[in-house]
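Novice: The structure follows.
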Amino acid sequence: MCVWSVSWDEQLRQAATLKDEGNVRYRSGDYSGAMSKYRLALANLKTHQQQQQPTSDQTYSLNGLLVDCHNNLAGQTQTLVYYTVSHKNVPLCF
C-alpha cells in the first residue's frame, strides 16, 4: 500500500497502532521489535508529510505521535544498550 494514498486521519491511526504495537513489544521484552515498530511509524509519517499537507488539527496529532515515537525509540535504544552492556559486564561510559 502506498503511504500517500491514505488520508491523514487514517495515516495517523495507522501510526498510533504501530506505536501501540511497539509498546506491547517493549513490555514483553522484545526491545528490537519495539524499535522496529517505532521506526516504521516515524518513516510512514515522514513520507506522508512530504506528500500531503496536514491541517492544523492533524499537525497537532502528528507532532504528538512524532514526539512519542522519537521518545520511545530513544528510550529503547538506551534500554537495549544498557541490557547488552550489563550482560557483558562492560562499564558504560558516556
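Throughout, read-outs are computed from the coordinates displayed, never taken from laboratory work. Please read these numbers as outputs of a predicted model, since none were measured by experiment. All Cβ positions, glycine included, derive from the backbone under ideal geometry; neighbour counts span all protein chains shown.
Novice: Taking θ as phi - 60°, what are the ³J(HN,Hα) couplings along the stretch 56-72 by the Karplus curve (6.51, -1.76, 1.60), each to the nearest whole Hz, with x for Gly and Pro?
Specialist: Result, ordered by residue: 5, 5, 5, 4, 4, 5, 4, 4, x, 5, 4, 5, 4, 5, 5, 5, 5 Hz.
Novice: At a 10 Å Cβ-Cβ cut-off, how would you order Ser61, Ser7, fewest neighbours first?
Specialist: Taking fewest neighbouring Cβ atoms as first place, the list is Ser7, Ser61.
Novice: With the dipole of the stretch 7-86 worked out from charges on the C-beta (+1 for Lys and Arg, -1 for Asp and Glu) around the Cα centre, which of Thr55, Ala43, Gly75 lies farthest toward the positive end?
Specialist: Gly75
Novice: Follow-up question, since we're still on this one. Computed FRET efficiency, Cβ-Cβ of Asp57 and Val24, R0 22 Å: what is it to the nearest 0.05?
Specialist: Plugging the Cβ-Cβ distance into 1/(1 + (r/R0)^6) gives 0.20.
Novice: Can you put His48, His70 in order of Cβ neighbours within 10 angstrom, beginning with the fewest?
Specialist: In increasing order of surrounding Cβ atoms, one gets His70, His48.
Novice: Provide the descending list of Cα extents for the stretch 7-86 along its principal axes, expressed in whole angstroms.
Specialist: 45, 17, 17
Novice: In whole Hz, with x marking every Gly and Pro, tabulate ³J(HN,Hα) for the stretch 34-39 from phi via Karplus 6.51 cos²θ - 1.76 cosθ + 1.60, θ = phi - 60°.
Specialist: 5, 4, 4, 5, 5, 5
Novice: So, one more: For the residue pair Ala16 and Leu66, what label-to-label distance in nm results when each label sits 7 Å from Cα along the Cα-to-beta-carbon direction?
Specialist: 1.8
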